[in-house]
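Down below is the structure, laid out as structure tokens.
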Amino acid sequence: MKIRVYFSASKEPFTFNYPHQLCGVFHHWLGHNDLHNKISLYSLGWLKGRTKVTDQALNFPDGAVWDIGIHSSSVSEEMIRGLLLKDFLFHGMQIRKVERLKPPLFKEGKHRFLAGSPILLRKLEDDGSRKHIIYNDPKSDGILNRVIHKKAEEAGFTPGKELDLRFDSTYRNPKTKLVDIKGIKNRASVCPVIAEGPVEALEFLWTVGAGELTGVGFGSLDHTGQLGNGA
């Protein structure tokens, strides 16, 4: 399930590294939980809307929307209850509306997804460090698939293991973004993903996102449509 939250205009400026704050809002709504210690079977997008930049700060003068994908129906309903019942304070914004998004009309085949937030991939090095892997690295597609298959295994979701993912090498404007999460800088990719698999698996991907750390604002996906056989 994906949930879209509509916010009123911001009354206080944002820092550009606000996504981790949204993670705090999500867990506030959800209440006590053990999701921090598990693979993220959910994805938290970034705010969408017209932005205004002043004095190195960000504002949403017309309001914003926030997409949250959650695989577990019980977790999603618990979050919605918290959203409706708990106090909310986020840069002067108020909740205008909440809606459950209908999944795209997937058909088996290749589908293209935009990166609703930068997609983070990492490779464990021999010295224990993690190297950031970006869209044009030969290892990137393999890591994309490893992560989504691991999420499917964690969810006990067999169709998810049939997904095949790759970055869209035909995209003309791929880039990376350095995202600071509580002082830790992560180099992530802003590039569409092409996915192929059964309908149920595509919906799983659309919900839980691509790559790592989707629970702190990476890898949220926006579906743009099905591709022809030659894509």
Protection proxy ranking, peptides 118-124, 217-223, 16-22, 140-146, average beta carbon neighbours within 10 Å, highest first | 217-223, 118-124, 140-146, 16-22
Per-residue HN-Hα couplings for the range 190-197 [Karplus 6.51, -1.76, 1.60; θ = phi - 60°; Hz; x = Gly/Pro] | 10, 7, x, 10, 9, 10, 10, x
Between the range 208-229 and the range 121-181, the Cα center-to-center distance that results, in Å = 11
What residues qualify as long-range amide H neighbours of MET93, i.e. H under 5 Å apart, gap of 5 or more or another chain, H built at 1.01 Å from N?
-> LYS11
Taking Cα pairs under 8 Å and at least six residues apart, what relative contact order does the chain come out at, in percent?
-> 29
If the label point sits 7 Å along Cα→Cβ of ARG4, residues of the range 66-110 with amide N under 14 Å come out as 66-69, 96-105
State, to one decimal in nm, how far the label point of LEU85 lies from the label point of ARG100, with both points 7 Å from Cα in the Cβ direction.
-> 1.8
If the convex hull is drawn through the Cα atoms of the chain, its volume per residue in Å³ = 134
Based on DSSP H runs of at least 4 residues, each adding -39500 (n - 2.57), what is the mean residue ellipticity at 222 nm of the chain after dividing by all its residues, to the nearest 500 deg cm²/dmol?
-> -7000 deg cm²/dmol
Efficiency of FRET between ALA57 and ARG146 - r from beta-carbon atoms, R0 41 angstrom, step 0.05 | 0.60
In cubic angstrom per residue, the convex hull of the range 109-226 built on its Cα atoms measures 103
Computed over the range 2-101, Kirkwood Rh from alpha-carbon pairs, angstrom | 14.1
May I ask which of LYS11/LYS150; LYS97/LYS161; LYS107/LYS131; LYS2/LYS107 have a Cα-Cα span longer than 30 Å here?
-> LYS11/LYS150; LYS97/LYS161; LYS107/LYS131
Could you list HIS132, HIS111 in order of exposure, starting from the residue whose Cβ has the fewest other Cβ atoms within 10 Å?
-> HIS132, HIS111
Find out how many positive minus negative residues lie around LEU124, taking Lys and Arg as positive, Asp and Glu as negative, among other residues whose Cβ is under 13 Å from that of LEU124.
-> +2
Work through the residues other than PHE60 whose Cβ is under 13 Å from its Cβ and net out their charges, Lys, Arg +1 and Asp, Glu -1.
-> +3
In the range 1-72, which trypsin sites (Lys or Arg not before Pro) fall in coil by DSSP and have 13 or fewer other Cβ atoms within 10 Å?
-> LYS11, LYS38, ARG50
Per the Kirkwood formula on distinct C-alpha pairs, the Rh of the range 30-84 is how many angstrom?
-> 13.5
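No value in this document is a laboratory result; all are computed from the given coordinates. What you see is a predicted model; the values in this text were computed from it and never measured. Note: ideal-geometry Cβ built from the backbone for every residue, glycine included; neighbour counts use all protein chains shown.
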